[in-house]
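See structure below.
The values are calculated or read from the model by the stated rules, or taken from the named source; none is laboratory data. Since this is a predicted model, take the numbers as computed values, not measurements. Using ideal geometry, Cβ is built from the backbone for each residue, glycine included, and neighbour counts are taken over all protein chains shown.
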Amino acid sequence: MGGAVNDKNEQLNYLNQKIQMIGDLLDAIDPEDTTIEDIDRILDMLDQLEGKCKVFRHSWETKGVE
């Protein structure tokens, strides 16, 4: 998942992959062994995903990405 993501299809695929990765991580977490640091890492991943969504949204508005 490296490199520039330039069109809407690539951007949506990128977001889908990230969401699936987070879902897989959540499925793999053992509630008995989960720490506050684990939850903080998940929150960081969600924050990064939100930031990427905002970047893509901005590119759709300003560049008319198709």
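Summed over segment 29-66, residues that are assigned to a helix (DSSP H, G or I), of a type outside the set (A, V, I, L, M, F, W, C) and farther than 23 Å from residue 5 by Cα total 4.
Taking residue 26, is it over 16 Å from residue 5 (Cβ atoms), among the aliphatic types (A, V, I, L, M) and assigned to a helix (DSSP H, G or I)?
yes
Yes/no matrix, rows are residues, columns are (1) modelled with pLDDT of 95 or more; (2) of a type in the set (A, V, I, L, M, F, W, C):
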residue: 4; (1), (2): no, yes
residue: 13; (1), (2): yes, no
residue: 22; (1), (2): yes, yes
residue: 60; (1), (2): no, yes
residue: 63; (1), (2): no, no
